[in-house]
1. Tell me, what HN-Hα J-couplings in whole Hz come from the Karplus equation 6.51 cos²θ - 1.76 cosθ + 1.60 at θ = phi - 60° for each residue of the range 549-557, using x for Gly and Pro?
2. Could you pull out every residue, at least 5 positions away or on a different chain, whose amide H is within less than 5 Å of the one on Lys116? Hs are placed 1.01 Å off N in the peptide plane, and Pro or chain starts have none.
3. Output wanted: per-residue J couplings in Hz (rounded whole) for the range 180-191, from phi through Karplus 6.51 cos²θ - 1.76 cosθ + 1.60, θ = phi - 60°, x for Gly and Pro.
4. Which percent of the accessible heavy-atom area of the chain goes to carbon and sulfur, probe 1.4 angstrom?
5. Taking Cα centroids, how far is the range 821-864 from the range 336-388 in Å?
6. Can you pull a Stokes-Einstein diffusion coefficient for the range 295-335 at 20 °C (1.002 mPa s), Rh from Kirkwood over Cα pairs, as a whole number of µm²/s?
7. 222 nm [θ] for the chain, helices only, -39500 (n - 2.57) per DSSP H run of 4+, per residue, to 500?
8. Among Ser400, Ser754, what's the order by accessible area (1.4 angstrom probe), most exposed first?
Amino acid sequence: MHDDRTLVEARLRRVLDERIRPAVYPESVPLTVGGWVAPDEPVPVAEGLAAPRTPIAVGDRWGAPWGTTWLTVEGTVPAAWAGRTVEALLDLGFDRNMPGFQCEGLVYRPDGTPVKGINPNNQWVRIAAPAVGGERVLLHVEAASNPVIMDYHPFLPTELGDKATAGDEPQYRLARMDLAVFDRTVWELVLDLEVVGELMAELPADGARRWELLRAVERALDAIDLQDVGATAAAARAELAGVLAAPAVPSAHRISAVGHAHIDTAWLWPLRETVRKVARTTANMTALLADQPDFVYTMSQAQQYAWIKEHRPEVYAEVKRAVAEGRFVPAGGMWVESDTNMPGAEAMARQFVHGKRFFLDEFGVENEEAWLPDTFGFTGGLPQIIKAAGSRWLLTQKISWSQVNSFPHHTFWWEGIDGTRIFTHFPPIDTYNCSMKGHEIAHAARNFKEKGRATRSLAPTGWGDGGGGTTREMIGKAARLRDLEGSATVRWEKPADFFAQAQAEYPDPPVWVGELYLELHRATLTSQAKTKQGNRASENLLREAELWAATAALRAGFRYPYAELDRLWKTVLLHQFHDILPGSSIAWVHREAAQTYARVAAELTGIIEAAQRALAGDGSAGRELVFNAAPHRRAGVPAGGAAPAVDRVGDCVLQPRAGGGFVLANGLLRVEVDARGLVVSAYDLAERRETLAPGAAANLLQLHPDFPNMWDAWDVDQFYRNTGTDLTGVDELVVLADKPEAVAVRVTRSFGASTVSQTLTLTAGTKRLDLDTEVDWHEREKFLKLAFPLDLHTERYAAETQFGHQFRATHTNTSWEAAKFEACNHRFVHFAEPGWGVALVTASTYGHDVTRAVRSTDRGGDGGTTTTVRASLLRAPRFPDPHTDQGLHRFRHALVPGATIADAVREGYRINLPERRMPGSGAVAPLVETDGDAVVVSAVKLADDGSGDLVVRLYEATGARNRTTLRTDLPVTAVHACDLLERPLDGAHPELRDGTVELALRPFQLVTLRLAGAGAQAHS
Ligand SMILES: [Zn+2]
């Protein structure tokens, strides 16, 4: 037979586009439209409904960037439509290719109750089925004219990303505002033809099934009268019924679909718009659930539920009803879908505490899956946190975005740094925005790497990023794919049901050990430095506030600020969302974040100072107390306690250096700063060992061009290292301090349009060089690094992450190692040869890179290798914020020669938690004390349930098995090991004997203890 395949396929495309799809709405009449433009920010619904309207016509331009226009549409159902299905079609000027990235609206009834959201793929509002002729129609639309930030040519700089710079040019043209007859049979025919046509395209051309589908399509097209599609649609459907009834083969891949809308909590829109996005999508989804009996929808991010509860209570009531039915499923158990690279240990834990608690309190639901489809990599610390929160599964698909290496598994055990394993699934469909297209379903089946051992994968289904969610068309297609020859099978299922079945059929999948590094978006560790600093500062202040408030509550009757801390934690957790903390949002988001972090800092500082005042007693004698919030004793002050300040004595010396510059020494360390202001020697006097590579200079600022191929704020591409400039020119090198207790010099430089000044300080009694860098940054598309070439030969180094550290290679033997050319650290990176190491600690930076070099024999070396670490300070991408990071920045680092891992941990805490001084009379004993440096206290707080119990979280920080004795003088009656939500775990609890508890921890183990009765003293 002659091959007419491409001819029939082309015929299907044209007839669908030009005849059948338009026939879904065969008749329509225009609605009358009136509009009112809200003067600035969104207004309450009642105000929007009541405002006077002026006429606006289809074709008119509307909508300044970020504006809100309230539209009223009115009309009458024609008498001739009686008995038919009638819908309103509201096209605000949509571009179907960008759902969620442009204008959208929420439709209200005249009484102000929401009906559903409208977006490019969801323009209909059901009016009546069957309709009554002459029925009046009156609806209101709260239309948001959010501008397109990422256009067809993506990543071009635009000023539209902040209301302050976006201008007032109308962004849209009202396209269609009609009442229309909906022909259900034609609509079903469209779905039949789409499913058959899309499946056909995925099947082998030499297989019989493909040709069966092709012939059925041909018969269906022959059956259609192109001038009267409605009258012939049923006959066309009859021609397709046979091929659509053929069941799937027994080995067909099984897809568990779950309705979803990935809604970025802020990104190319501000937080306030997400509040409305969530309401639109959710109203849409609860309406869809009411119509579609076997549909299941899942939504993550407790914050988004909290927004609906506060801002759209009518929508929230529908959500609660659907959750109670088990069909609207809270997922993930986190406050937001956060970044996981950068949040500190406690913050990462609190994401789960606050997320899970919200779902428990509001719905009585506890998730067992972590849901992070779009997060930019996952630390080796995360598995233990997920488990300690009472969860056991993880879903993400983001690692499929890696540039270089294809991840070998889709379902696997993921093992963290402490050995905790989490059953993890990467949907092989490689998207969290499945729309039930044939190529997506076929890709999931083909791509699934567990074939032969497992049969199931998950498909989050619905328009996402900017919201939108599942459509009735996706549900219609899923119904046809339930059991269809040639396709994977599709069932709507809750994530938990999927995971339970996936684990039951595949109890022993492969194991992946260590971080899930995303080989993309590496610059998110650096972009928007102030957002990152706000996060780190907030995390540190929250630790202090909890510690001192708990101490003051139990020692001095201070009111523990439960509500304030709860609110502040949630604010900080919100800003760890995977486009805020990573620095990939529009200018508006980061401008607001800076303001919010300033408010958080002011409020937490107030709590800390009030608690310390309550503890400090009478300061009238002119004495000063030193408060130490770090988990290690320092300068005679116990960890978590306060003691009178003692005058520092020291033996620091500062001398001119031969050849220019200065020599700073303190008996432990001798540092040479040359005439260029570079550190050319850092000599460990006790170990008689040079820290720096021969002939190299540390504290060296290096400037690279940085124009990635895509994703400007997100990506740094490896070619950035091909060229660069060492910033060695000096404007000024001066002595800043020359006292026995500390010596310091300051170097100032200019480059491009920017200036930098660095202060290098050596303090008495410490083997540590403190480096304070101040940059007035006015560069474009540049990357600024701070380099430390170390005289160390090592194959791996440690970078701190949550509750421990992870190792990475210093070399690039494999493509996996080479791809990690920019990586994350928390407070330290540590490099060691056996017996001697160096730490670089940081108060706010996260990105760094590590390379190896040969010790040049002509410069005093011996041909061995050295290791260079460079902290990433600043970038200047121009999308989505065209002015990213312009202005003044301050960074604090310290180089710690001779450091063990325990020293790195201690110095990391020290640089993040400076001591505080306050007038006071007597020492403050810590609530709890531990012995040794290996087991570190991560949080001291009162229990969230208000019982007055003390909660102490500790972890083993060195990667070894360790014991510690925890002591307290509080009237504790029992000690319970708890999960992160402070619920006692099953099994044995630590034994309390005379106020002490002996603890044995495995490497990196975290332990949460609840000390019952601790508050008895305060209450008595
Ligand atoms: Zn996202």
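The values are calculated or read from the model by the stated rules, or taken from the named source; none is laboratory data. These numbers were taken from a predicted model, which means no experiment stands behind them. Virtual Cβ from ideal backbone geometry, glycine too; neighbours counted across all protein chains shown. For accessibility, only protein heavy atoms count, side chains too; no ligands or nucleic acids. Shrake-Rupley method; radii C 1.70, N 1.55, O 1.52, S 1.80 Å.
1. So the Karplus estimates, Gly and Pro as x, are 5, 5, 4, 5, 5, 8, 9, 9, x Hz.
2. Answer set, sorted by chain and number: Val107.
3. Each residue of the range 180-191 in turn: 8, 7, 9, 9, 4, 5, 5, 4, 5, 5, 4, 5 Hz.
4. On the way: 18610 of 36240 Å².
Using a 1.4 Å probe with all protein chains present, the chain comes out at 51 percent carbon and sulfur.
5. For the range 821-864 versus the range 336-388, the Cα centre distance is 32 Å.
6. 209 µm²/s
7. Result for the chain: -8000 deg cm²/dmol, rounded to the nearest 500.
8. Numbers: Ser400 55, Ser754 0 Å².
Highest to lowest solvent-accessible surface, that is Ser400, Ser754.
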